[in-house]
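For reference, the structure discussed in these notes is given below.
The values are calculated or read from the model by the stated rules, or taken from the named source; none is laboratory data. This one's a predicted model, so the numbers in the text were calculated from it and none came from an experiment. Cβ placement follows ideal geometry from the backbone for every residue including glycine, while neighbour counts extend to all protein chains displayed. Heads up: the accessible areas ignore ligands, DNA and RNA and are worked out on the full protein's heavy atoms, side chains in. Shrake-Rupley method; radii C 1.70, N 1.55, O 1.52, S 1.80 Å.
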Amino acid sequence: MKQLLKFSASWCQPCKALAGNMKYVDFGDVEVKEIDIDENFEEAQKFNIRGVPTLVLLEDDVEIKRTSGVLMADKIEEFIK
């Protein structure tokens, strides 16, 4: 099973733009988990997050890829396939 981790912060404008774009994405069976780096610092450390927004795609709890920055909806769909 795939899981998409979205690392962001409430003060981050690019994070807000990414969140808006994600509203138009068909995630299918991919579970999306939002992680605020200020509220979940340990989880951000665990995944070695250096900047936000960052998307980390897991398959069976193993990281298979990641990307940082704002992506348009079509690029997010390509990323999770």
Given N residues in the chain, what is Rg(Cα) / (2.2 N^0.38 Å)? 1.00
Counting Lys and Arg as +1 and Asp and Glu as -1, each charge on the Cβ, what is the dipole of the chain about the Cα centre in debye, to the nearest 20? 360
Counting only protein heavy atoms with a 1.4 Å probe and every protein chain in place, the carbon and sulfur fraction of the accessible surface of the chain in whole percent equals 49
Cut-off 20 Å (backbone N to label point 7 Å along Cα→Cβ of Val70), residues of the range 9-27: 9-26
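Return the subset of Lys46/Lys75; Lys6/Lys81; Lys6/Lys33; Lys46/Lys81 for which the Cα-Cα distance in this structure is over 18 Å, preserving the input order. List each step's numbers first, then the result.
On the way: Lys46/Lys75 26 Å; Lys6/Lys81 16 Å; Lys6/Lys33 6 Å; Lys46/Lys81 24 Å.
Those over the limit are Lys46/Lys75; Lys46/Lys81.
What percent does the relative contact order of the chain come to when contacts are Cα pairs within less than 8 Å and at least six residues apart? Present the calculation step by step, with values, prior to reporting the outcome.
Numbers: 132 pairs, mean separation 35.1, N = 81.
Over the chain, the number comes to 43 percent.
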